[in-house]
Amino acid sequence: MAIVVLAATVARGWSCGFEDPNSATMQRVMLTVVYPESLHVQGAADAALRAGALKPEHFTRPGDFFALQRTTRNLDRLAGALAKGKPADLAAFSVVLMGPVLWTRFRPDVGGVAIEPHADGPLPDKVVVVSDVPALAALVAGDVSAADAMTTGLVRFYGDPAAIVALRGALDAAFPTDATRQTGNAKPSLRAFDQSSLDASNNRRGSVVKL
């Protein structure tokens, strides 16, 4: 409970990074206390870009006034993809995108998956998914499969193990490996880089809090 309170406290009353880039820096550091190694998703994104698995257009740029609108649309597309499966079998969960520290709450039911974007923090006692803007953009565009995103650390999970297993399965079904292939031509795989290159990237960034 204390962890949930801390996570909510980090987000509540702070602007997201799309609104105030300076506010996100401290929030990211504080979130690593609540979700250990969560900042590694940014190192994973850098490594995936160098490997060619992520594209420059998946990333936002300073001064992009439509970044929040576009990211919110991608979160809605994520919910829509999950709704095509069996959403009633999923528990509610929250997603935080580490770059802007943007929280979104997802509430699956028999009617689909409702989202609450730009939320104050995570849902209490529910799974938290940590990712980042470029990983989300690549996932909903079909440029990256859920399996590759999860295996290479572009997506991390925190919370109840059984609920995490169910959510991972739903993401696999919504964004299968075949979605990363077009007309039989293989795209660069996220598996092209290993943990050592990811760790090196994180060390160069100098922003990962080691606990």
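For this structure, a couple of remarks:
- Estimated FRET transfer efficiency when R0 is 35 angstrom, pair Thr25-Glu57 (beta carbons, to 0.05): 0.90
- Phi angles of segment 150-160 translate, via the Karplus equation with coefficients 6.51, -1.76, 1.60 and θ = phi - 60°, into HN-Hα couplings of 6, 5, 9, x, 6, 9, 10, 10, 9, x, 5 Hz per residue; Gly and Pro are given as x.
- Less than 5 angstrom separates the built amide H of Val127 from those of Ser94, Asp160, all sequence-distant by 5 or more or on a different chain.
- Annotation: peptides 57-67, 151-161, ranked by per-residue average of other Cβ atoms within 10 Å with the highest first, follow the order 151-161, 57-67.
- Counting heavy atoms of the protein chains alone, Leu97 has an accessible area of about 0 Å² for a 1.4 Å probe.
- In the context of the full protein assembly, Met30 retains an accessible surface of approximately 60 Å², using a probe radius of 1.4 Å and ignoring ligands and nucleic acids.
The values are calculated or read from the model by the stated rules, or taken from the named source; none is laboratory data. The model shown is predicted, which means the values in this text are computed figures rather than measured ones. Neighbour counts are summed over all protein chains in view; Cβ atoms, including those assigned to glycine, are modelled from backbone coordinates with ideal geometry. When the accessible area is computed, the model is the full protein with side chains, heavy atoms only, and any ligands, DNA or RNA have been set aside. Shrake-Rupley method; radii C 1.70, N 1.55, O 1.52, S 1.80 Å.
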